[in-house]
1. Around G141, which amide H atoms from residues at least 5 apart in sequence, or from another chain, sit under 5 Å from its own amide H, with H modelled in the peptide plane?
2. Using a cut-off of 13 Å between beta-carbons, work out the net charge of the residues near K29 (Lys and Arg +1, Asp and Glu -1, K29 not included).
3. Using θ = phi - 60° and the Karplus form 6.51 cos²θ - 1.76 cosθ + 1.60, what ³J(HN,Hα) does each residue of the range 41-52 get, whole Hz, x for Gly and Pro?
4. Could you tell me which chymotrypsin sites (Phe, Trp or Tyr not before Pro) in the range 145-198 are loop residues by DSSP with no more than 13 other beta carbons within 10 angstrom of their beta carbon?
5. Defining a contact as two alpha carbons under 8 Å apart and six or more residues distant in sequence, what relative contact order in percent does the range 1-116 show?
6. What list of ³J(HN,Hα) couplings, whole Hz, do you get for the range 78-91 from phi and the Karplus terms 6.51, -1.76, 1.60, once you set θ to phi - 60° and write x for glycine and proline?
7. Rank by packing, highest mean first: peptides 43-52, 136-145, with packing defined as the count of other Cβ atoms within 10 Å averaged across residues.
8. Name the residues whose placed amide hydrogens come within less than 5 Å of the amide hydrogen of G110, ignoring near sequence neighbours (fewer than 5 apart) on the same chain.
Amino acid sequence: MKMERLDKILSNLGFGSRTDVKRNINQGKVKVNGNLVKDPSLKVKLSDLVQVQEEILIRKDNYYFMMNKAPDCITSTDDPREKTVMEYLKGRHRSMSLFPVGRLDKETEGLLIFTTDGNFAHHYTSPKHLIEKEYYAEIQGIVSENDILAFSEGVTLDDGYKTLPGKLEILESGDISKVKVTIREGKFRQIRRMFVTLEKEVTYLRREKMGAISLDPTLSVGTYRELTDLEESLLKRT
């Protein structure tokens, strides 16, 4: 059974640097299985109950969250000029080694998965696996059956790349059309560029689904939550 140092566990859970964590342990703020401990090097199993002051920790091998991304930040862990999605993480979550899986354009809202699981992220974003992603979009101009056909055949972008076949569903057509788009790739600004090829402009874009995981409709823009056990199970089956 895997054993880890107590100070490493607490540091990975966002309780501060190893130095901060060791100080808290030495000050008697940590219990393991109900017993006060003051040894930062104590080896702890995943099944052991760890408590920091009044908080009993929910410990897992890896963590998975969903965010309803805001349209004022880029999908990056760090940038010297731009606001990033990491700035929306609060408290200990900002120090938990979480990172976004895949990306959304700066102006795009919606579902973004965060995890500490590098192997999962690599699998999920690999071009070999072609995970379906579903979007709601508002389009300047009338969207027609011809556009549906173009999406189904693949659209040639401005750089000459032809996308894989996608699905376009018209919800409402008019001066501002409302549509749903399903694609299996994630080229840079792909949906916006597909519509540019069709001489239309995306005025609003929100990702609503990645694989089997749907955006929680109760999450307001810029907020996030941990995945449920069921959602985590569905995510790993993709």
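The values are calculated or read from the model by the stated rules, or taken from the named source; none is laboratory data. These figures come from a predicted structure and were not determined experimentally. Cβ placement follows ideal geometry from the backbone for every residue including glycine, while neighbour counts extend to all protein chains displayed. Only protein heavy atoms, including side chains, enter the accessible area calculation; ligands, DNA and RNA are left aside. Shrake-Rupley method; radii C 1.70, N 1.55, O 1.52, S 1.80 Å.
1. It is I176, S177, by chain and number.
2. Summing Lys/Arg as +1 and Asp/Glu as -1 gives 0.
3. 8, 4, 7, 10, 8, 4, 7, 6, 8, 10, 10, 10
4. Y161, F188
5. Computed over the range 1-116, the figure is 25 percent.
6. For the range 78-91, the Karplus-derived couplings read 6, 7, x, 10, 9, 5, 10, 4, 5, 6, 8, 6, 10, x Hz, x marking Gly and Pro.
7. The most tightly packed comes first, giving 136-145, 43-52.
8. Amide H neighbours of G110, under 5 Å, 5+ apart: K69, R207.
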